[in-house]
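Read the structure below first, then the notes.
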Amino acid sequence: MRMYDIIEKKRNGDSLTNEEIKFFVGGFTEGSIPDYQAAALMMAIYFNGMNERETVCLTDTMAHSGDTVDLSRFGTFSVDKHSTGGVGDKTSLIVAPVVASLGGKVTKMSGRGLGHTGGTVDKLESIPGYKTTLTNDEFLDQVEKVGIAVIGQSGNLTPADKKMYALRDVTATVESIPLITSSIMSKKIAAGSHSIVLDVKVGSGAFMKDLRHAKLLAEEMVKIGISCGRNMAAVITDMDTPLGNNIGNSLEVEEAVRVLRGEVKNDLYEVSVTLASLMVTLCLGTTLRGAEEKVRAVIEDGRAYEKMKEWISAQGGDVRCIEDLSLLPRSEYSCEVRSTFDGYITGFDTEKVGIVSVILGAGRESKEDSIDHGAGIILRKKTGDRVKPGDVLATLYTNRKEKIPEAEMLFNSCIKSSWAEPEKKPLIYKVIK
Ligand code: URA
């Protein structure tokens with residue numbers, strides 16, 4: 001078999017055989033197929049797509065290119081959740097204890113934040129002592145006893161995806177539905193959960209900027225997951241406005257805890273309820289309506305909050321920081337951004353809001369950067385709010401005092417306003433089961 005012929009076949013719009021796909025993934029992962037040929041094939045896939053059989057084969061081959069996690073001891077109870085990424089998206093911190101308090105076994109291998117979106121592992125590391133690395137036995141024991149373990153991705157999970165994603169990133173081939181599907185789903189399948197709920201974000205802070213493409217991606221990922229033997233659901237949710245009010249690692253932990261204590265009932269609460277209900281439906285076989293009632297109840301009666309403390313403590317985190325949120329890290333300097341306009345907030349350039357949080361120190365521009373766990377933004381006003389000149393729009397937190405003027409100016413340019421009250425947009429566009 002020759003890589004040249006595989007590239008030519010896909011360039012001409014033909015479908016590849018399973019043997020050809022396996023030849024490519026195996027050869028590229030072990031290094032016998034060079035980057036330039038892999039990049040040419042990815043560009044051909046970008047233009048000519050892949051059919052369902054090809055995408056299933058690509059996903060499954062990538063999933064088995066390295067280590068896989070065996071969660072078979074949890075039967076159908078293991079459940080995972082994945083978000084395509086957004087600003088202020090801390091739903092994992094909420095849904096994991098909610099679902100575990102109802103009997104689900106929540107297992108997650110999460111990434112770090114890069115660019116304008118945050119990562120669950122960074123958020124959890126803002127809790128002093130929290131360990132994001134566990135041995136396989138520790139991981140499984142904790143899931144058995146507590147019902148949750150959330151760690152960073154193991155070194156040898158889906159090496160094929162690591163190489164392919166790095167190459168796509170520099171060859172303008174990221175935005176391809178079969179390539180995104182195989183990249184995300186291969187990691188989820190290697191991570192072993194029987195049920196997977198996907199949160200596909202759409203809007204100015206998301207990867208998918210329009211609803212049509214978000215739906216295509218969500219439907220494709222659900223189809224491919226089912227073909228690979230998993231129990232799947234997806235939700236398409238809004239990312240035209242940051243989710244919740246807090247952006248930045250410890251600030252997001254704080255907001256998640258407040259939702260779990262029943263103190264906050266905002267957009268973050270609603271999206272979390274939807275995601276958790278779907279997870280419960282898939283892993284415990286409850287109806288969606290029944291699951292939603294249970295989810296709201298465990299938040300109301302404090303069971304989910306107690307489960308969060310049990311999880312954080314089991315993973316080495318200082319639970320006093322959850323009980324007393326003022327003990328979480330907070331950067332030294334703060335600045336209130338005030339309105340210069342009179343009218344309604346009609347939206348945000350959400351990606352730019354994420355960039356403001358990176359400038360403040362809450363995120364990374366490159367993989368090697370360190371982050372300031374106490375930096376970030378608290379939004380005091382959101383889309384639909386009436387604002388008068390001088391009102392506080394947001395509070396910025398940072399240890400980089402010299403960055404405040406730049407961050408403030410950029411934050412102001414993120415806000416869209418008008419005299420007219422904006423129409424209310426949906427928070428949840430579609431549930432796919
Ligand atoms: N996230 C991934 O993990 N892979 C993609 O291809 C896109 C987003």
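If only residues of segment 165-201 that are within 11 Å of the ligand (Cβ to nearest atom) and among the acidic types (Asp, Glu) are counted, the one that is nearest to VAL99 (Cα to Cα) is GLU175. Residues of segment 328-368 being in contact with a helix residue (DSSP H, G or I) (Cβ under 9 Å, 6 or more places away or on another chain), open to solvent by 10 Å² or more (accessible area, probe 1.4 Å) and free of Cβ contacts under 8 Å to residues at least 60 places away in the same chain, which ones? ILE359 - this is the single residue of segment 328-368 that is in contact with a helix residue (DSSP H, G or I) (Cβ under 9 Å, 6 or more places away or on another chain), open to solvent by 10 Å² or more (accessible area, probe 1.4 Å) and free of Cβ contacts under 8 Å to residues at least 60 places away in the same chain.
Checking each residue in segment 292-320 for being in a loop (DSSP other than H, G, I, E, B), out of contact with any helix residue (DSSP H, G or I) (no Cβ under 6 Å at 6 or more places or on another chain) and either under 26 Å from GLY129 (Cβ atoms) or open to solvent by less than 40 Å² (accessible area, probe 1.4 Å) (or both) picks out GLY302, GLN315, GLY316, GLY317, ASP318. Kindly indicate whether LYS223 is within 13 Å of the ligand (Cβ to nearest atom) and farther than 30 Å from THR383 by Cα. In short, no.
With the requirement that a residue be in contact with a Phe, Trp or Tyr (Cβ under 9 Å, 6 or more places away or on another chain) and of a type in the set (A, V, I, L, M, F, W, C), what does segment 150-184 give you? Residues satisfying the conditions are VAL150, ILE151, ALA160, MET164, LEU167, ALA172, VAL174, LEU179, ILE180. Restricting attention to segment 131-164, the residues that are within 12 Å of the ligand (Cβ to nearest atom), part of a loop (DSSP other than H, G, I, E, B) and either open to solvent by less than 70 Å² (accessible area, probe 1.4 Å) or among the β-branched types (Val, Ile, Thr) (or both) total 1.
For segment 1-14, what are the residues that are open to solvent by 50 Å² or more (accessible area, probe 1.4 Å) and of a type outside the set (A, V, I, L, M)? Before you say what the answer is, go through the steps one by one.
Of the residues in segment 1-14, the ones open to solvent by 50 Å² or more (accessible area, probe 1.4 Å) are 1-2, 4-5, 8-9, 11-12, 14.
Selection gives ARG2, TYR4, ASP5, GLU8, LYS9, ARG11, ASN12, ASP14.
Rundown of residues vs (1) under 30 Å from ASP391 (Cβ atoms); (2) in contact with a Leu (Cβ under 9 Å, 6 or more places away or on another chain); (3) modelled with pLDDT of 95 or more, yes/no style:
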{"residue": "ARG261", "(1), (2), (3)": "yes, no, yes"}
{"residue": "VAL271", "(1), (2), (3)": "yes, yes, yes"}
{"residue": "THR274", "(1), (2), (3)": "no, yes, yes"}
{"residue": "SER277", "(1), (2), (3)": "no, yes, yes"}
{"residue": "GLN315", "(1), (2), (3)": "no, yes, yes"}
{"residue": "GLU336", "(1), (2), (3)": "yes, yes, yes"}
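Restricting to segment 107-130, and then to whatever is open to solvent by less than 40 Å² (accessible area, probe 1.4 Å) and charged (D, E, K, R), can you tell me which residue is farthest from LEU327 (Cα to Cα)? The qualifying residue farthest from LEU327 (Cα to Cα) is LYS108.
Could you tell me how many of the residues in segment 225-270 are outside any helix (DSSP H, G or I) and of a type in the set (S, T, N, Q)?
Total meeting the criteria: 6.
Given segment 32-110, what helices (runs of 4 or more DSSP H) lie entirely inside it while holding 3 or more residues that are more than 24 Å from the chain's Cα centre (by Cα) and of a type outside the set (Gly, Ala, Ser)? Walk me through how you get there before you give the answer.
Numbers: elements: 35-48, 52-63, 91-101.
Once the helices (runs of 4 or more DSSP H) in segment 32-110 are filtered for at least 3 residues that are more than 24 Å from the chain's Cα centre (by Cα) and of a type outside the set (Gly, Ala, Ser), what remains is 35-48, 52-63.
Pairs meeting the criteria (first residue in segment 165-191 and in a loop (DSSP other than H, G, I, E, B), second residue near the ligand (Cβ under 8 Å from one of its atoms), beta carbons under 7 Å, at least 6 apart or on different chains) are THR173/LEU179; VAL174/ARG168. When the residues of segment 369-386 are filtered to those that are out of contact with any Leu (no Cβ under 7 Å at 6 or more places or on another chain), under 21 Å from GLY203 (Cβ atoms) and not small (Gly, Ala, Ser), which remaining residue is surrounded by the most Cβ atoms within 10 Å (Cβ to Cβ)? Ranking the qualifying residues of segment 369-386, first place goes to LEU379.
Condition first: outside any helix (DSSP H, G or I) and farther than 25 Å from GLY384 by Cα. Now tell me which residues in segment 338-362 satisfy that. If you could, list the steps in order and put the result at the bottom.
Looking only at segment 338-362, we keep the residues that are outside any helix (DSSP H, G or I), and these are 338-349, 361-362.
Across segment 338-362, the qualifying residues are GLY361, ALA362.
The values are calculated or read from the model by the stated rules, or taken from the named source; none is laboratory data. What you see is a predicted model, and the numbers here were worked out from it, not measured in a lab. FYI the Cβ positions are ideal-geometry reconstructions off the backbone, even for glycines, and counts take in every protein chain you see. The protein model used for the area step is the full one, side chains on, heavy atoms only, and it has no ligands, DNA or RNA in it. Shrake-Rupley method; radii C 1.70, N 1.55, O 1.52, S 1.80 Å.
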